[in-house]
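Q: Quick one: the structure is below, questions incoming.
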Amino acid sequence: MLTVEELKRRACETIEKRKKEIIGVSQQVLSHPEAGFREYRTAGLVAQKFGELQIPHESGLALTGLKGRVPGGAGSGPRVAIIGELDSLVVTEHPNADPETGAAHACGHHCQIGMMLGATMGLMTPEVLERLNGEIVPFAVPAEEFIEVEQRLELRAQKKLEFLGGKQELIRLGGFDDVDMAMMCHTASDMGERKFAIGGTSNGHVVKYVRYLGRGAHAGSSPHLGINALNAASFALQAINATRETHRGEDTVRIHGIITKGGEAVNAVPADVRLEWRVRSATPQVVVKNSEAVDRCFKAGALAVGAQVEITTIPGYLPMRNDSQLQDLFRSNATDVVGEKGTMVMPSGRNRGGSTDMGDLSHLMPAIHPYTAGATGPGHSKSYVITDYETAVINPAKIMAMSVIDLLVDGAKKAKEVKSAHKPAMSRSAYLRFQRDRAQTLRFDGAAN
């Protein structure tokens, strides 16, 4: 009988033999980027690979998601999800941007699809799979990047979605109800000499979709007859900036956004101005506090010029909670692949400032979200590119496969320990209630106050 280390070696050999194919999948996704809830081509590619691997799967989950099932050969046991995210950003100047949509993989999600499939290939090595209890769940999920809010609100109005983030919506739909634990890996460019960063946390956030309504008029001959909605928005942004000195450093507050519509024509007083805003903080409690402060600022802009404002608050993501046992397991295997000096463990309170819906999932079950090197340039910018696919795709595929072997071998003893020791922060019903409580639309008439 093969030892656990021999099983890991066999899985890694399979990944190594197929690495050109695995990297090729990531590069195909890179060449055809699609923003969230529109990843139909990317989903089709994943479905094709699942078919080639003879993996039974569901598709069309939260519009574009795919969920595979690979039963272990040694009998029943816990189910472990290996997650890859389907969506891209919109960065029109990125070298791999779609010329029509501006979509671009400026965050490395294309690598996640490759590593998810690669880890699954390794685990499906016959002599490996026959020793595993439980089930491997390769899961391609949509819409992690919380962008293009107006389009997603339209999908919600059409009752195609309730939540506007992919894992949020999959949680609502019960897509994770039969999953016991989950792992994924994200690329990063700020790692120095390290190959992997493990641990830490992320910001929670809410999203604001704001619409100012004024009154149009000729901007040259009769501006006094108008109500300038763009001026209302400008006052609001100044008010938001004025609150920054009240934020504590430990709360990692980030309040930022874009104006998606600033008016119709330069010679008309802007009467319809729209903004997409983000309120991030280290804890849900501080998110709520800062969300209320930002609402006051948006109302202040309307009050200043006598405009109307409609503020739609959309439930965002929760901070990441990395499970300590899964984290230790991943670290041990990462050390075997890249060496002790190649791995870095961040303290649980180390907050990178961004947000991920993996945080939502981590409130319900054991989960980890480590980072792998292989990219250069600031994330979410035109300069963010993958320069080392071996590091960005193949290494994490091997490490996730090795970690799943540790979890599911020998009667899935380790997975059962992880599951037993984990104390979820929320039940699914409590999570849905919490998120729905965040959702609201506030209307304020500055002229009437």
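Q: What longest range of the chain stays clear of loop-exposed GluC sites (Glu not before Pro) (DSSP non-H/G/I/E/B, at most 10 other C-beta within 10 angstrom)?
A: Within the chain, the longest run free of exposed GluC sites (Glu not before Pro) spans 194-449.
Q: So what's the net charge close to A219: Lys and Arg +1, Asp and Glu -1, counting the other residues with Cβ under 15 Å from its Cβ? The partial results should precede the final answer.
A: On the way: positive: R215; negative: E264, D272.
Its environment carries a net charge of -1.
Q: Checking the a/c ratio against 1.5 first, then a/b against b/c, what shape does the Cα gyration tensor give for the range 327-449? Can you show the working numbers first?
A: Numbers: a/c = 3.10, a/b = 1.41, b/c = 2.19.
Oblate, because a/c is 1.5 or more while a/b does not exceed b/c.
Q: Report the convex hull volume per residue for the range 41-185, counting only C-alpha atoms, in Å³.
A: Details: hull volume 15.7 nm³, N = 145.
Residue-normalised Cα hull volume stands at 108 Å³.
Q: Return the carbon/sulfur percentage of the accessible area of the chain, one whole number, probe 1.4 Å, all protein chains in place. List each step's numbers first, then the result.
A: On the way: 8860 of 18110 Å².
Carbon plus sulfur share of accessible area: 49 percent.
Q: Sticking with this one: So for the pair L442, D410, with labels modelled 7 Å out along Cα→Cβ, what separation do we get in nm?
A: Modelled inter-label distance: 5.5 nm.
Q: Moving on to the next point. Can you tell me the 0 to 90 degree angle between the C-alpha axis of helix 40-52 and the longest principal axis of the chain, rounded to 10?
A: Once rounded, the angle reads 10 degrees.
Q: Which of the lysines could a cross-linker span from K17 if the Cα-Cα distance has to be under 26 Å and same-chain partners fewer than 8 positions apart are dropped?
A: List returned: K8, K49, K67, K195, K398.
Q: What longest range of the chain stays clear of loop-exposed trypsin sites (Lys or Arg not before Pro) (DSSP non-H/G/I/E/B, at most 13 other C-beta within 10 angstrom)?
A: On the way: sites that count: K159, K160, R248.
Here the longest run is 249-449.
Q: Would you kindly state how much longer the chain becomes between A242 and R69 on full extension, computed as 0.36 nm times their sequence separation minus their alpha carbon distance, in nm to one decimal?
A: On the way: separation 173, 0.36 × 173 = 62.28 nm, distance 5.15 nm.
The span from A242 to R69 would gain 57.1 nm if fully extended.
Q: Give me the percent relative contact order of the chain, please, defined on Cα pairs under 8 angstrom at least 6 residues apart.
A: Values: 1076 pairs, mean separation 96.9, N = 449.
Dividing the mean separation by the residue count of the chain yields 22 percent.
Q: Name the long-range amide H neighbours of M346: under 5 Å, sequence gap of 5 or more, or other chain; modelled H, no Pro or chain starts.
A: I198, G199, G200
Q: With the Cα gyration tensor of the range 162-233 giving a ≥ b ≥ c as the square roots of its eigenvalues, does the rule (a/c under 1.5 for rounded; else a/b larger than b/c for prolate; else oblate) give rounded, prolate or oblate?
A: Details: a/c = 5.50, a/b = 2.11, b/c = 2.60.
The shape class here is oblate.
Q: At 222 nm, what helix-only mean residue ellipticity would the chain give, in deg cm²/dmol to the nearest 500, using -39500 (n - 2.57) for each DSSP H run of four or more? Intermediate results must be reported in sequence, preceding the final value.
A: Working: 14 runs with 166 residues, N = 449.
Only helices count here, giving -11500 deg cm²/dmol.
Q: How many nm separate the modelled label positions at E130 and K17, each set 7 Å beyond the Cα in the direction of the Cβ?
A: 1.5 nm
Q: Report the label-to-label distance for E5 and E250 in nanometres (one decimal), using points 7 Å from each Cα along the Cα→Cβ vector.
A: Placing both labels 7 Å beyond Cα along the Cβ direction yields 4.4 nm.
Q: Using only the alpha carbon atoms of the range 15-94, find the Kirkwood hydrodynamic radius as the inverse mean reciprocal pair distance, in angstroms to one decimal.
A: Working: mean 1/r = 0.0701 Å⁻¹.
Every distinct Cα pair counted, the radius reaches 14.3 Å.
Q: If you plug each phi of the range 279-284 into the Karplus form 6.51 cos²θ - 1.76 cosθ + 1.60 with θ = phi - 60°, what whole-Hz ³J(HN,Hα) values come out, in order, with x for Gly and Pro?
A: Couplings: 10, 10, 7, 6, 10, x Hz.
Q: Run the dipole for the chain about the Cα centre, Lys and Arg Cβ at +1, Asp and Glu Cβ at -1, nothing else charged, and hand back the magnitude in debye, nearest 20.
A: On the way: 52 positive and 51 negative charges, 162 e Å.
So the dipole magnitude of the chain works out to roughly 780 debye.
Q: Select from G411, P378, F434 the residue farthest towards the positive end of the dipole of the range 370-434; place +1 on Cβ of Lys and Arg, -1 on Cβ of Asp and Glu, and compute about the Cα centre.
A: Value: F434.
Q: Quick one: Karplus J couplings for the range 124-137, per residue in order, coefficients 6.51, -1.76, 1.60, θ = phi - 60°, nearest Hz, x for Gly and Pro?
A: 7, 3, x, 5, 7, 4, 5, 9, 9, 9, x, 8, 8, 10
The values are calculated or read from the model by the stated rules, or taken from the named source; none is laboratory data. Quick caveat, the model's predicted, so the values are computed rather than measured. Ideal geometry is used to build each Cβ from the backbone, glycine not excepted, and the neighbour counts take in all protein chains shown. Calculation scope for accessible area: heavy atoms of the full protein, side chains included, ligands and nucleic acids excluded. Shrake-Rupley method; radii C 1.70, N 1.55, O 1.52, S 1.80 Å.
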